[in-house]
Amino acid sequence: MLEIRDLTVRYGGILALDKISITVPKEETVILVGANGAGKSSLINAIIGMVPTAGGSMTFEGVDLAKVAPSMRAGHGIGYSPEGRRVFPTMTVRDNVLAGASRIGRAAQADVYDKLATLFPMLRDKSDDLAGYLSGGQQQMVAIARAMSASPKLLLLDEPFLGLAPVWIQQISDAIRQFSKSGVTVLMTEQMAVPALKVATRGYVMRGGAILREGPVAELRSAALAEEYL
Ligand code: ATP
């Protein structure tokens, strides 16, 4: 579904991604694990067009993304939840989530919200609360649900577990797994390899803007790799 070949991203003299290649097959969940500064956000931001590329190619469902303006990429079915649980603090939970589904009618929005509330039950209990008053884990759920509400074909999640307690990581993992079962392809990044590898089917380990290792998650979970990575 998404083919990235020899992608290079630079910030002035800093080489953030050095000719990396990644394949995200349809209906799989692919994880990119790597420490701070590995280049994970640069990759996600290049896919959505938020950072310019300095070489290589990205093809989504056979379409060259270089020919799709960043503002049109969501319309092609690419959804995105940024690092750092960004919610609109003075808007209600419901309005935050449905901000991702603004192009559909009210009845369809109600359906979308109900479906998302089966993944994240807190959406039902707290729909009228202001998002700014939620806990960190709940805000992250709202941010992810907003990306899901656009009904993307490919969902990009940048460090969804960042700074969260295990109880939230567990709930968010379950929701991502459930969502992907509805036929959605997922590409997520994470620093925390252990929970992330439980959600995904395939993975890449990144370091210093390069791919260190790739394969099915069972292989990446091996103790040898954990040692090398940690
Ligand atoms: P983190 O977990 O901290 O978000 P990351 O794996 O997502 O890390 P990136 O944010 O993609 O990594 O950063 C990759 C490299 O590019 C790092 O060396 C970082 O310092 C550098 N970098 C990222 N954004 C910028 C920027 N706007 N200007 C200059 N350098 C940047």
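The separation of the stretch 32-102 from the stretch 160-177, counted between C-alpha centres, amounts to 20 Å.
For S173, neighbours were defined as the other residues whose beta-carbon sits under 12 Å from its Cβ, and their charges (Lys and Arg +1, Asp and Glu -1) total 0. Cross-link check: pairs K40/K153; K126/K153; K40/K67 evaluated at a Cα-Cα cut-off of 25 Å; pairs beyond the cut-off: K126/K153. Between the helical axis of 106-119 and the longest alpha-carbon principal axis of the chain there is an angle of about 70 degrees.
Using only helices, what value at 222 nm comes out for the chain when you add -39,500 (n - 2.57) per DSSP H run of length 4 or more and divide by the total residues, to the nearest 500 deg cm²/dmol? Mind showing how you got there, number by number?
On the way: 9 runs with 81 residues, N = 230.
It lands at -10000 deg cm²/dmol.
Among all the aspartates and glutamates, which ones have a C-alpha under 16 Å from K26's C-alpha, if same-chain residues fewer than 8 places away are not counted? Qualifying aspartates and glutamates at Cα under 16 Å: E3, E61.
For the residues E83, E61, a 1.4 Å probe over the protein chains yields an accessible-area ranking, largest first, of E61, E83.
For the stretch 135-230, trypsin sites (Lys or Arg not before Pro) are listed when DSSP marks them as loop and at most 16 other Cβ atoms sit within 10 Å of their Cβ; the list is R221.
Would you please put 89-100, 3-14 in order of how densely packed they are, using the mean number of other Cβ atoms within 10 angstrom per residue and starting with the highest? Write down the numbers at each step before the final one.
Details: 89-100: 19.4, 3-14: 14.6.
Descending mean neighbour count gives 89-100, 3-14.
Per residue, the chain exposes 46 Å² of solvent-accessible protein surface, assessed with a 1.4 angstrom probe and all protein chains in place. List the residues of the stretch 129-168 whose backbone N lies under 13 Å from a point placed 7 Å from the Cα of I104 along the Cα-to-Cβ direction. The answer is 146-153. With a cut-off of 10 Å between beta carbons, the residues surrounding I44 carry a summed charge of -2, where Lys and Arg count +1 and Asp and Glu -1. Dipole magnitude for the stretch 2-228: about 320 debye, using +1 per Lys or Arg Cβ and -1 per Asp or Glu Cβ, origin at the Cα centre. Rounded to the nearest 0.05, what FRET efficiency do R177 and S57 give with R0 = 41 Å and r taken as the Cβ-Cβ distance? Could you check? It comes out at approximately 0.85. Net length available on complete extension from H76 to A210 is 45.5 nm, with 0.36 nm assigned per residue and the Cα-Cα distance removed.
The values are calculated or read from the model by the stated rules, or taken from the named source; none is laboratory data. Everything quoted here is computed from the prediction, not taken from an experiment. Heads up, the Cβs are rebuilt from the backbone with ideal geometry, glycines too, and the neighbour counts pull from every protein chain shown. The accessibility values were calculated without ligands, DNA or RNA, using every heavy atom of the protein model including side chains. Shrake-Rupley method; radii C 1.70, N 1.55, O 1.52, S 1.80 Å.
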